[in-house]
Structures are given as C-alpha cells and as structure tokens.
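Sharing a structure, written as structure tokens. Questions coming.
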Amino acid sequence: YLDWCLATYPLTAGQGVPVQGSIGFDATITSLFSPLLAGQTLLFNLGITEIEAIQAALTLGVSLIKLTPAHLRALEPLLLAQSAETFPVEQLPKAWVIGGEALHGHHISFWQKHFPTVALFNEYGPTEATVGCCVYRVNASDDGSIPIGRPINGAQLYVLDEYLAPVPVGVSGELYIG
C-alpha cells in the first residue's frame, strides 16, 4: 500500500502532511508513513480538533490531506468565510484522499464548483485490507454515488454471488478483496 501511495499521490509537491487522526487508526497510515518514505515533514496537531487541524494545514501548502466526506462538508463554511488570499488554490493540498464512509456527489459539489483543480481521490478499503485497496480519482462531472474505483497495485477485487462465483458486470454481489 505504501509503495502504491508513493507512486500515486504527489507527496513531494508540498510542505509535508498533517497527521490529524489517532496514530492507532488504520487510515492514519497514509498520512503518517507515506510522507516519511518520501522524505517529507509530518505535521502533528496536538490538542486541537481534527477540523481545526485540517483548517490549519490549509494555510501551510501541504502535499496531501486524508479526511472523511463529513470533514469535506464541515470545511465548506470555513472556506466560504475566508478570502482567496487566506486559502489560495495553489496553497491547498495537492491531493485530498477521502475515505472512511461512502462518498456522494453532495460531498464534492462545493469542491467541483469552487476548487475544480483540487485532486480528490475516493479511497476505499476496509480495515482488514490495510487502509486502501482501490481508488477512484473524482472527475469534474461526477455526481450521485461516487465509484470506489479500481484496485491499487498488488490488490485484486472480485464481485461474487452467494456461491462464490463471479457475477457478470452490472450484477450485484459481494465484494471480495485479494
């Protein structure tokens, strides 16, 4: 997973990566270890809330930020209340890695309208799959339910029926990760 992060996310394009979650939470692996492997700085925000930590990171020109769809929505009024000088687009994180819950068009419509050049990645993976097993880069035209994407390097995804047989494209089934 970390090799894939290094090859996929622009970890060296900014001033480090904030670690706003608990280091015991699996999703923190992305913001804790991938910047270190890229020779980047870690920004720990102790004693403040996650939203306060994310808001502080926006002024620093960080390369990547990992957050949930709920965090995206919580940031909207903060960004609308600020001026373009406070959060210039070129200062925003180069990659926004979103996970932890389903991503929908209403989570990203603000970003598509106000910050269309920001790279949003929908990363999916249950805890048992070591953070992420597939990713989808959000397009400007995406709305509704956002896909979970394609498997990352080294992972395989299968959609199987109740007999563990592959289902045809477009048929519902259970997702298996290998």
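This table checks each residue for (1) touching a His at 6+ places or on another chain (Cβ under 7 Å); (2) among the small types (Gly, Ala, Ser); (3) touching a residue at least 40 places away in the same chain (Cβ under 8 Å).
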residue	(1), (2), (3)
Ala70	no, yes, no
Ala81	no, yes, no
Trp96	no, no, no
Leu103	no, no, yes
Asn122	no, no, no
Ser145	yes, yes, yes
Ile148	no, no, no
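If you don't mind, another one. Can you name every residue in the stretch 97-106 that is modelled with pLDDT of 90 or more and either open to solvent by less than 50 Å² (accessible area, probe 1.4 Å) or within 13 Å of the chain's Cα centre (by Cα) (or both)?
Start the filter on the stretch 97-106 by keeping residues that are modelled with pLDDT of 90 or more, which leaves 97-99, 101-106.
Passing the criteria: Val97, Ile98, Gly99, Glu101, Ala102, Leu103, Gly105.
Which members of the stretch 150-169 meet the condition of being among the hydrophobic types (A, V, I, L, M, F, W, C) and in a strand (DSSP E or B)?
Of everything in the stretch 150-169, those that are among the hydrophobic types (A, V, I, L, M, F, W, C) and in a strand (DSSP E or B) turn out to be Leu157, Val159, Leu160.
Restricting attention to the stretch 142-161, report how many residues are over 20 Å from Ala7 (Cβ atoms) and in contact with a strand residue (DSSP E or B) (Cβ under 8 Å, 6 or more places away or on another chain). Step through it out loud before you land on a result.
So the first thing to find is which residues in the stretch 142-161 are over 20 Å from Ala7 (Cβ atoms), and the list is 142-147, 158-161.
Okay, now just the ones that are also in contact with a strand residue (DSSP E or B) (Cβ under 8 Å, 6 or more places away or on another chain), so 144-147, 158-161.
Summing the residues that are over 20 Å from Ala7 (Cβ atoms) and in contact with a strand residue (DSSP E or B) (Cβ under 8 Å, 6 or more places away or on another chain) in the stretch 142-161 gives 8.
Okay, next question. Only one of (1) of a type outside the set (Val, Ile, Thr); (2) within 12 Å of the chain's Cα centre (by Cα); (3) at pLDDT 90 or above fails for Lys94. Which number is that?
Only one criterion in (1) of a type outside the set (Val, Ile, Thr); (2) within 12 Å of the chain's Cα centre (by Cα); (3) at pLDDT 90 or above is unmet by Lys94, namely (3).
Which of (1) more than 17 Å from the chain's Cα centre (by Cα); (2) modelled with pLDDT of 90 or more; (3) outside any helix (DSSP H, G or I) is the odd one out, the single condition Leu36 does not satisfy?
Going through the list (1) more than 17 Å from the chain's Cα centre (by Cα); (2) modelled with pLDDT of 90 or more; (3) outside any helix (DSSP H, G or I), Leu36 breaks only (3).
Here's another thing I want to ask about it. Would you call Leu60 of a type outside the set (Gly, Ala, Ser) and under 16 Å from Val118 (Cβ atoms)? Working first, answer last.
Values: of a type outside the set (Gly, Ala, Ser): yes; under 16 Å from Val118 (Cβ atoms): yes.
Against the criterion (of a type outside the set (Gly, Ala, Ser) and under 16 Å from Val118 (Cβ atoms)), Leu60 qualifies.
If you scan the stretch 70-86, which residues turn out to be at pLDDT 80 or above and either open to solvent by less than 10 Å² (accessible area, probe 1.4 Å) or not in a helix (DSSP H, G or I) (or both)?
Leu72, Leu75
If you check Gln91 against the conditions, is it in contact with a Gly (Cβ under 6 Å, 6 or more places away or on another chain), open to solvent by 40 Å² or more (accessible area, probe 1.4 Å), in contact (Cβ under 8 Å) with a residue 24 or more places away in the chain and among the polar types (S, T, N, Q)?
Taking the combined requirement at face value, the residue satisfies it.
Return the total of residues in the stretch 107-133 being closer than 26 Å to Asp26 by Cα and open to solvent by 80 Å² or more (accessible area, probe 1.4 Å).
Residues that pass the stated criteria total 3.
Quick one: which of Tyr136, Tyr163, Tyr158 is within 26 Å of Asp26 (Cβ to Cβ), among the hydroxyl-bearing types (Ser, Thr, Tyr) and surrounded by fewer than 17 Cβ atoms within 10 Å (Cβ to Cβ)?
Step by step, each of Tyr136, Tyr163, Tyr158 is checked, and only Tyr158 is within 26 Å of Asp26 (Cβ to Cβ), among the hydroxyl-bearing types (Ser, Thr, Tyr) and surrounded by fewer than 17 Cβ atoms within 10 Å (Cβ to Cβ).
Of the residues in the stretch 39-69, how many are assigned to a helix (DSSP H, G or I), open to solvent by 40 Å² or more (accessible area, probe 1.4 Å) and touching a helix residue (DSSP H, G or I) at 6+ places or on another chain (Cβ under 8 Å)?
3
The values are calculated or read from the model by the stated rules, or taken from the named source; none is laboratory data. Note that the structure is a prediction, hence the values are computed from the model and not measured. All Cβ positions, glycine included, derive from the backbone under ideal geometry; neighbour counts span all protein chains shown. Ligands, DNA and RNA are stripped out before the accessible areas are found, and what is left, the full protein with its side chains, is counted by its heavy atoms. Shrake-Rupley method; radii C 1.70, N 1.55, O 1.52, S 1.80 Å.
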